[in-house]
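Enquirer: Encoded as structure tokens, here's the structure I'll be asking about.
Computed from the coordinates by the stated procedures, all read-outs in this text should not be read as laboratory data. All values derive from a computational prediction rather than experimental measurement. All Cβ positions, even for glycine, are placed from backbone atoms using ideal geometry, and neighbour counts span all protein chains on display.
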Amino acid sequence: MNIVKADNLTCPLDGERLESYKKQLVCENGHTFDIARQGYVNLLPVQHKRSKKPGDSKAMVLARMNFLNTGIYQTIADKLTETVSAHIINDKNCCFLDAGCGEGFYFDALFNYFKGEEGASNLSFIGLDISKDAIVQATKRNKQITWVVGTNRQPPVENESVDIILCLFGFFNAEGFYKVLKPGGKIILVDPGPEHLKELREIIYPEVNETKQSNILATESTEFSLLNTEPVQFKVKVSSNEQINHLLLMTPHFYRASKDGKEAACILETLDLTIDVIFRVLKKI
Ligand SMILES: C[S@@+](CC[C@H](N)C(=O)[O-])C[C@H]1O[C@@H](n2cnc3c(N)ncnc32)[C@H](O)[C@@H]1O
């Protein structure tokens, strides 16, 4: 496959197409966005921010990077590659958008898989996250992916220009995703299933509630059809106190758990865990 640079980024202020000029991206109305020294571009204007530093903090990003680098979630990356492969059309150009890409572990794995595949398609990769710290970290994983600070609510990408959106443990935005997907384009959603990390949850909460399931089906009938739902379950052993702490910090449980619960988890040396995630494929109607 040929990897090509994404040329479908748009100005977050007026929606016009961005062209690269020297070390900037520029729209026809003269709005300019610097390409940072690390290679990413910030397309999140202040008026699209709901807080000063939106998205995951640097500590969360680094914890996730350290945890994912152990390979404990490799099965999820492999399943993602398999699912995406089943939905791309050979010899046709394809733009991927990872919406809420975090520090880029899964997108980088997908990129490396396709880079080595035979085929005449031109593939472009856009990784989008609202957290600047996440995007800065992602640039260190992969210099060929187009990394962008921006929001899933208004992805700064041309309307109807994306073939496949990935949204892993992220923030599904029906309106934003619908706009940028080509007709017939797909979304691959990966969300926690009911048993996900249940052993950790049993330690940090006095009472364990079932993981809330995504309300994706509410929008499914009008804008998207659900093509496939597939649970992926496996068991892992996390055998270092450091990694247990990274896992806790990279999940929303860190903010929800009680002080006592977190203290109990923080001193563990090993933890047997159930990983339970649900892969869904949606198609734009
Ligand atoms: C749980 S993390 C998952 C990251 C990555 N997909 C992964 O699985 O490793 C959720 C990510 O969504 C980002 N995020 C939160 N709100 C967002 C928004 N409105 N638009 C884009 N990204 C957002 C956070 O900064 C964070 O990196």
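Enquirer: When you take every Cα atom in region 90-131, what is the radius of gyration, and what is Dmax, the widest Cα pair distance, in Å?
Expert: 11.2, 34
Enquirer: Moving on. Show me the ranking of peptides 122-134, 54-66 by mean Cβ neighbours inside 10 Å, starting with the highest.
Expert: 122-134, 54-66
Enquirer: Go ahead and set up a Gaussian network model of the chain, Cα springs under 10 Å, then flag whichever of 225, 51, 161 fluctuates most.
Expert: Ranking 225, 51, 161 by mean-square fluctuation puts 51 first.
Enquirer: Round to a whole angstrom and tell me the spacing of the C-alpha centers of region 181-207 and region 112-128.
Expert: Result: 26 Å between the Cα centres.
Enquirer: Test of the criteria: in region 8-93, which GluC sites (Glu not before Pro) are in a DSSP loop and have at most 15 other Cβ atoms within 10 angstrom of their Cβ?
Expert: Here the GluC sites (Glu not before Pro) that fit, given the DSSP loop and packing criteria, are 16, 28.
Enquirer: Right, here's the next one. Equivalent ellipsoid semi-axes for region 148-263, as square roots of 5 times the alpha carbon gyration tensor eigenvalues: give them largest first, rounded to whole Å.
Expert: So the three semi-axes of region 148-263 are 33, 16, 13 Å.
Enquirer: Output needed: Cys residues of the chain lacking any neighbouring Cys C-beta below 4.7 Å, sorted by number.
Expert: 94, 95, 101, 167, 266
Enquirer: Could you calculate the contour length gain from residue 4 to residue 171, that is, 0.36 nm times the residue separation minus the distance between their Cα atoms, to one decimal place in nm?
Expert: Contour length minus Cα-Cα distance gives 57.4 nm.
Enquirer: Something else now. Could you size up the charge dipole of the chain around its Cα centre, putting +1 on the beta carbon of Lys and Arg and -1 on that of Asp and Glu, and report it in debye to the nearest 20? Walk me through the numbers on the way to the answer.
Expert: Values: 33 positive and 36 negative charges, 155 e Å.
So the dipole magnitude of the chain works out to roughly 740 debye.
Enquirer: Translational diffusion coefficient, Stokes-Einstein: compute it for the chain using the Kirkwood radius over C-alpha pairs as Rh, at 20 °C and 1.002 mPa s, and state it as an integer in µm² s⁻¹.
Expert: 109 µm²/s
Enquirer: Starting from the exponent 0.38 and prefactor 2.2 Å, build the expected Rg for region 56-129 from its residue count and divide its actual Cα Rg by it.
Expert: Normalised Cα radius of gyration, region 56-129: 1.19.
Enquirer: Further question on the same structure: Relative to the compact-globule scaling 2.2 N^0.38 Å, provide the ratio for the alpha-carbon radius of gyration of region 64-219.
Expert: So region 64-219 has a normalised radius of gyration of 1.08.
Enquirer: For the pair residue 205 and residue 239, how long in nm is the line joining their label points, each one 7 Å along Cα→Cβ?
Expert: Distance between the two pseudo-spin positions: 3.0 nm.
Enquirer: What number, in percent, do you get for the relative contact order of the chain if the mean sequence gap of Cα pairs under 8 Å and at least 6 apart is divided by its residue count?
Expert: Across the chain, relative contact order equals 20 percent.
Enquirer: D for region 1-79, whole µm²/s, Stokes-Einstein with Kirkwood Rh over alpha-carbon pairs at 10 °C and 1.306 mPa s: what number?
Expert: Numbers: Rh = 15.6 Å.
Translational diffusion coefficient: 102 µm²/s.
Enquirer: Compute the FRET efficiency between residue 256 and residue 153 as 1/(1 + (r/R0)^6), taking r as their Cβ-Cβ distance and R0 = 22 Å, and round to the nearest 0.05.
Expert: Efficiency, rounded to the nearest 0.05: 0.40.
Enquirer: In debye, nearest 20, what is the charge dipole magnitude of region 1-134 about its Cα centre with +1 on Lys and Arg Cβ and -1 on Asp and Glu Cβ, if you could check?
Expert: In total the dipole reaches around 600 debye.
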